[in-house]
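The structure under discussion appears below in the form of structure tokens.
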Amino acid sequence: MSLVQAERLEKSYRVGDVDVPAIRGIDFTIEAGAFVAFVGPSGSGKSTLLNLVGCLDHPSAGRLTVLGIEVAGLSRTAAAAFRGENLGFVFQDFNLVPVLSAYENIEYPLLMVRTWPAEKRRERVNKLLAAVGMADQAHKRPDQLSGGQKQRVAVARALVSEPKLVLADEPTANLDHDTAYRILDLMKSMRDEFGTTFVFSTHDPKIMAEAETTFLLEDGRLIEPNGRPS
């Protein structure tokens with residue numbers, strides 16, 4: 001069974017008296033352990049699609065199955081619980097809590113969605129800090145870290161609750177060229193070590209080159225290699 005499966009998926013937004021389509025009846029599948037990118041210009045629908053897969057928004061029509069659950073029917077509370085149990089997120093602006101240390105930012109999801117004892121949390125957080133090369137920066141706050149270091153912490157935070165799927169929205173947008181490649185290499189090594197599936201929304205050629213599967217979007221439609229909409 002595919003990790004993610006979409007069938008004739010649609011999403012429209014109400015603007016005044018008009019329904020504006022963002023996703024127009026697309027089909028795709030994502031397998032477990034994949035390194036996938038949704039790519040396209042601004043306004044193509046890639047971020048909307050990532051939000052749908054991440055249960056941050058509901059489809060207007062069609063079917064969307066994530067980890068065997070048809071997510072369109074989830075209530076807001078059920079969707080939040082599903083995200084906490086199964087998904088991790090990495091954002092272009094890092095979204096770290098300014099007053100928390102690197103260690104505390106990584107631990108935070110465990111306090112919110114897990115009931116692990118303190119020793120188990122400590123073991124998991126320290127393992128992720130070491131995995132992303134930030135063990136010696138554990139007690140620094142975000143304003144004491146570089147952009148690349150912040151994104152390393154964000155990757156560790158996304159993985160700390162052992163999600164099956166990590167969704168990354170423009171994760172290299174605020175990073176310089178060399179740092180972006182190091183973060184991508186880090187994500188691939190995390191995928192290989194933990195078996196986590198990574199799905200990106202991006203227009204960054206570096207991610208497109210590293211992705212094993214690329215879905216090109218244009219005006220809310222998937223464009224096949226032969227140039228025809230799906």
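The values are calculated or read from the model by the stated rules, or taken from the named source; none is laboratory data. The shown structure was predicted, so the numbers you read here are calculated from the model rather than taken from an experiment. Ideal geometry is used to build each Cβ from the backbone, glycine not excepted, and the neighbour counts take in all protein chains shown.
Scan Val160, Val155, Val125, Val97 and give me the residue that is surrounded by fewer than 16 Cβ atoms within 10 Å (Cβ to Cβ) and within 22 Å of the chain's Cα centre (by Cα).
Val97
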Next on the checklist: Here is a check on your reading of the model: is Thr29 without any contact (Cβ under 8 Å) to a residue 12 or more places away in the chain and either among the β-branched types (Val, Ile, Thr) or in a strand (DSSP E or B) (or both)?
Outcome noted: no
Item to check | The one condition in (1) in contact with a helix residue (DSSP H, G or I) (Cβ under 7 Å, 6 or more places away or on another chain); (2) within 28 Å of Ala81 (Cβ to Cβ); (3) at pLDDT 90 or above; (4) not basic (Lys, Arg) that Met190 fails to fulfil | outcome: (3)
Next on the checklist: in a loop (DSSP other than H, G, I, E, B) and either free of Cβ contacts under 8 Å to residues at least 40 places away in the same chain or crowded, with 17+ Cβ neighbours inside 10 Å (or both): is that true of Leu175 in this structure?
Outcome noted: yes
Item to check | Failed criterion for Leu64 (all others in (1) under 28 Å from Val155 (Cβ atoms); (2) assigned to a strand (DSSP E or B); (3) out of contact with any helix residue (DSSP H, G or I) (no Cβ under 6 Å at 6 or more places or on another chain); (4) not charged (D, E, K, R) hold) | outcome: (3)
Checklist outcome for this item: (1) surrounded by fewer than 15 Cβ atoms within 10 Å (Cβ to Cβ); (2) in contact (Cβ under 8 Å) with a residue 60 or more places away in the chain all hold for Thr214 apart from (1)
Next on the checklist: Residues to consider are Leu52, Leu87, Leu74; find the one that is touching a residue at least 60 places away in the same chain (Cβ under 8 Å) and not β-branched (Val, Ile, Thr).
Outcome noted: Leu87
